[in-house]
Structures are given as C-alpha cells and as structure tokens.
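So the structure is just underneath, and the comments pick up after that.
The values are calculated or read from the model by the stated rules, or taken from the named source; none is laboratory data. Keep in mind the model is a prediction, meaning the values are calculated, not measured. Methodologically, a virtual Cβ is constructed for each residue, glycine included, from the backbone with ideal geometry; neighbour enumeration extends over all protein chains shown. The area values use the complete protein model at the heavy-atom level, side chains included, leaving out ligands, DNA and RNA. Shrake-Rupley method; radii C 1.70, N 1.55, O 1.52, S 1.80 Å.
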Amino acid sequence: MTNSTDATTAGEEAQTHLCTYCSEPGADCCVGIIPSTSGPDKSVYAHGLCARDRGVPVLYRLTTADPASHRVCAVCREPGASVADSLLVGEDGSMVARYVHDGCAAAEVSSLGMES
C-alpha cells in the first residue's frame, strides 16, 4: 500500500488541476493516490465541494502558489503583503513576522521622517 506522502506532500502548491468529478479546472484538494509500478504515483484531484457532495474524504488541501496572497499588510490592511519588515519574538521563543507591501513600507518610513 502506498503512503500519501510517497506521492506528494501536504504542502504541495496549488496548480491548475481538473476536478475528477466535474472536469472543471481549479481542483483544490487531493482525494486519492493511484499507485504506479513505474514512475511517480498519480494524485487524484477534486474541488472540496465536489468531494463533500459525494462523501469522499479529502487527503489534503492544496495551498496557493503565492503565500503573499494570504498575508495582510500591517500598514494598509490589504492582502498581498510580501515584505517581512519585523519579527516579534515571544517570551516562549515563538516568532511572528510583520508583513507589508513594498510601497507601504516606504510610505510608512517616509511618514515617520526616517528616510536616509
């Protein structure tokens, strides 16, 4: 029996996959692995809703190829922040990065009179 991590990993970046149930692009989860005797195993993709409607369990969800699309800018509060401008370290050693848009970082520095 093939382990799902043999074929792909849960952190696989989203690509344009066709849904195995409705044949439309944009499948966002893996619902199966087809073992191969030669070459890599084949993942079976579906839309989360299509799998749910059929009672099919999801092995893992695909992530977006652009992690910045999920990051909210600390300055303008809009998604798409790609610049980590500071790192907060907690007493327990945990870390959280503060993300901003490149243009917002420059505007913030300018507004604070910190230009070099």
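Taking only pairs six or more apart or across chains, which ones have beta-carbon atoms under 9 Å, a first residue in the stretch 55-67 that is over 11 Å from Tyr45 (Cα atoms), and a second residue that is surrounded by fewer than 16 Cβ atoms within 10 Å (Cβ to Cβ) and at pLDDT 75 or above? So the pair list comes out as Asp66/Gly80; Asp66/Ser82; Pro67/Ser82. Against the list (1) in a loop (DSSP other than H, G, I, E, B); (2) at pLDDT 90 or above; (3) aliphatic (A, V, I, L, M), the condition Val44 fails is (1).
If you check Arg61, Arg54, which single one turns out to be open to solvent by 70 Å² or more (accessible area, probe 1.4 Å), over 30 Å from Ala105 (Cα atoms) and either modelled with pLDDT of 90 or more or more than 20 Å from the chain's Cα centre (by Cα) (or both)? Going through Arg61, Arg54 in turn, the sole match is Arg54.
Cβ-Cβ distance below 8 Å, separation of 6 or more or different chains: which pairs start in the stretch 88-116 with a residue that is hydroxyl-bearing (Ser, Thr, Tyr) and end on one that is open to solvent by 50 Å² or more (accessible area, probe 1.4 Å) and at pLDDT 75 or above? The qualifying pairs are Tyr99/Arg71; Tyr99/Val72; Tyr99/Ser82; Tyr99/Ala84; Tyr99/Asp85. Mind checking whether some residue in the stretch 2-18 is at pLDDT 90 or above and touching a helix residue (DSSP H, G or I) at 6+ places or on another chain (Cβ under 8 Å)? No, the stretch 2-18 contains no residue that is at pLDDT 90 or above and touching a helix residue (DSSP H, G or I) at 6+ places or on another chain (Cβ under 8 Å).
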